[in-house]
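Worksheet for the structure shown next.
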Amino acid sequence: MSIFNTFWQRQKAIRGDVPDVYSYDEMPYPLRVQIVHIATEVLGSREEFLSSYYQGHKNIQQTYGLIVDILRKEFGVFQLPPTPSHHHEDKQKELFDFILIEQDVEKVLSAVELICRLLENAVVQYDYRRDDNSEANAKGAIAEINTRMRAAGLGYEYDGEIIRIDSELVHAEAVKPALELLREKRYAGPEQEFRAAYEHYRKGKNKEAVTEAAKAFESTMKVILAKRGWPHNATDPANKLIAALYKHKLIPDYWQNAMAGLRTLLESAIPTPRNKSSAHGQGVDLTTVPDYIAGYVLHMTAATIVFLVKAEQALS
């Protein structure tokens, strides 16, 4: 997999004709075409077999068919639009036409997610052996899809699943490291809650996103306390969990003066929005959590999880 920096692309960059903010509800047609090209390069064309990718002879139509069958069932259709009802044999064409034409970006991203997941989990899902070159090609394809989406200004990335990006810097420095740290088996609960928060955020369900983010934060602290054998109750709220971590010197004494606001940040930046915006009754008026608040809470959750887990790892 490779991306060529053509004269056309260089001139666009010089003129400033490149997205400087992410969009979430429009998917440029050239990006759709690029995704089709990438899938074809790695998974193959309808005339080919997967013997070069999997050990065995699994017809390419069966591979694309798996993705199409999942999407048909989940979307509640017999054929993916715009496939005519009487034509459903060529599932590669059905999938690619869907990616090229479907206007619902979330549905198209569902197809992209399944393609990436197929590449990422092929060994587990099919119990076939891949050679090193094929595995590298699969990883390269996922990396290229992510790069193409960023270049097109589409604010999503595949990292085990499609997640929303607001700030590339924050995503790279906080969200991705948090996801990496939470992949440790003992953090399975916080990881599930953290991913759920981003899934709600991606769908515009900001109150649910804030609630799940707070759960991930609290669950991370409980895992750390349990791992270290430090006393706490399963029902303790965030402020008590934070107090327990301070008591047991998770944050060294010599940092506490230099970072006087850290405890306030840990106690208020994440639990407070949850308490005030989403976890309690709404009263007479419906409450809403704006995107910028939900995004802030998720980013602060990610950064705090990274800090806490790395601080625990650094203890003797």
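The values are calculated or read from the model by the stated rules, or taken from the named source; none is laboratory data. This structure is a prediction, so every number in the text was calculated from the model and none was measured. Here the Cβ is made from the backbone with ideal geometry for all residues, glycine too, and neighbour counts use every protein chain on show. Only protein heavy atoms, including side chains, enter the accessible area calculation; ligands, DNA and RNA are left aside. Shrake-Rupley method; radii C 1.70, N 1.55, O 1.52, S 1.80 Å.
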For LYS207, state whether it is of a type in the set (Lys, Arg), assigned to a helix (DSSP H, G or I), at pLDDT below 90 and in contact with a helix residue (DSSP H, G or I) (Cβ under 7 Å, 6 or more places away or on another chain). yes
Return yes or no: is TYR187 touching a strand residue (DSSP E or B) at 6+ places or on another chain (Cβ under 6 Å) and buried (at least 21 other Cβ atoms within 10 Å of the Cβ)? no
Spot the failing condition for GLU191; the list is (1) within 17 Å of LYS310 (Cβ to Cβ); (2) modelled with pLDDT under 85, and only one is missed. (2)
In this structure, does ASP291 turn out to be farther than 22 Å from LEU182 by Cα, modelled with pLDDT of 65 or more and more than 28 Å from the chain's Cα centre (by Cα)? no
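Per-residue answers, yes or no, for (1) among the basic types (Lys, Arg); (2) touching an Asp or Glu at 6+ places or on another chain (Cβ under 9 Å); (3) in a helix (DSSP H, G or I):
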residue	(1), (2), (3)
ALA172	no, no, yes
VAL175	no, yes, yes
ARG186	yes, no, yes
GLY189	no, no, yes
PHE194	no, yes, yes
ALA197	no, yes, yes
HIS200	no, yes, yes
Among (1) within 15 Å of ALA141 (Cβ to Cβ); (2) at pLDDT below 75, the one test that THR63 misses: (2)
Could you list, ordered by first residue, the pairs with Cβ atoms under 6 Å in which the first is in the stretch 226-249 and at pLDDT 90 or above and the second is part of a loop (DSSP other than H, G, I, E, B), at least 6 apart or interchain? TRP230/HIS248
Here the residues within the stretch 73-93 that are among the charged types (D, E, K, R) and at pLDDT 95 or above are LYS73, GLU74
Of all residues making up the stretch 250-262, the number that are within 21 Å of THR301 (Cα to Cα) and either at pLDDT 65 or above or in a helix (DSSP H, G or I) (or both): 6
Against the conditions (1) touching a residue at least 60 places away in the same chain (Cβ under 8 Å); (2) open to solvent by less than 30 Å² (accessible area, probe 1.4 Å), where does GLU208 fall short? Just the number, please. (2)
Taking into account only those residues within the stretch 19-41 that are modelled with pLDDT of 85 or more and among the β-branched types (Val, Ile, Thr), which is surrounded by the most Cβ atoms within 10 Å (Cβ to Cβ)? ILE35
Looking only at the stretch 145-184, and only at residues there that are surrounded by 18 or more Cβ atoms within 10 Å (Cβ to Cβ) and among the hydroxyl-bearing types (Ser, Thr, Tyr), the one that is farthest from MET27 (Cα to Cα): TYR158
